[in-house]
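Contents: one structure, followed by commentary.
The values are calculated or read from the model by the stated rules, or taken from the named source; none is laboratory data. Treat the numbers as computed from the prediction; the structure is a model and nothing was measured. Positions of Cβ are backbone-derived with ideal geometry, glycine not excepted, and every protein chain shown enters the neighbour counts. Just the protein is used for accessible areas: all its heavy atoms, side chains included, with ligands, DNA and RNA removed. Shrake-Rupley method; radii C 1.70, N 1.55, O 1.52, S 1.80 Å.
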Amino acid sequence: MTSSYSLTIELPKEAFRHHPWMPDEIAERLRVLWLIDLVRERRLAYGKAAELAGIPKAAFVKLMGQHGVSAIDLDPDEIVRELD
């Protein structure tokens with residue numbers, strides 16, 4: 001098992017008016033969203049992020065898509081070169 005850090009955050013009670021308070025589920029969701037954001041920022045490859053999230057790459061790529069993050073990390077010039 002890899003080492004890890006622990007984090008404490010404050011969330012407004014009002015946010016849970018229509019959602020049950022389930023700390024483990026919320027922590028997991030925030031962890032995965034943070035990993036997706038690291039991929040979006042190009043600070044982490046999606047394969048490594050999926051590994052750290054503990055989910056299959058395909059499932060992670062699907063989550064990325066749901067959050068507007070593409071698994072294809074090529075700029076337009078690179079795409080043109082790849083297609084030639």
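Restricting attention to the stretch 62-76, and to residues there that are open to solvent by 50 Å² or more (accessible area, probe 1.4 Å) and aliphatic (A, V, I, L, M), which single residue is modelled with the lowest pLDDT?
Leu74
For the subset of the stretch 27-47 comprising residues that are among the charged types (D, E, K, R) and surrounded by 13 or more Cβ atoms within 10 Å (Cβ to Cβ), which member is farthest from Thr8 (Cα to Cα)? Full working, then the answer.
First, the residues of the stretch 27-47 that are among the charged types (D, E, K, R): 28-29, 31, 37, 40-43.
Restricting the remaining residues to those that are surrounded by 13 or more Cβ atoms within 10 Å (Cβ to Cβ) gives 28, 31, 37, 40.
Details: Glu28: 13, Arg31: 12, Asp37: 19, Arg40: 24 Å.
Taking the candidates together, the pick is Arg40.
Only one of (1) surrounded by 13 or more Cβ atoms within 10 Å (Cβ to Cβ); (2) without any contact (Cβ under 8 Å) to a residue 24 or more places away in the chain; (3) in a loop (DSSP other than H, G, I, E, B); (4) of a type in the set (A, V, I, L, M, F, W, C) is not met by Ala50, so which one is it?
For Ala50, the failing item is (3).
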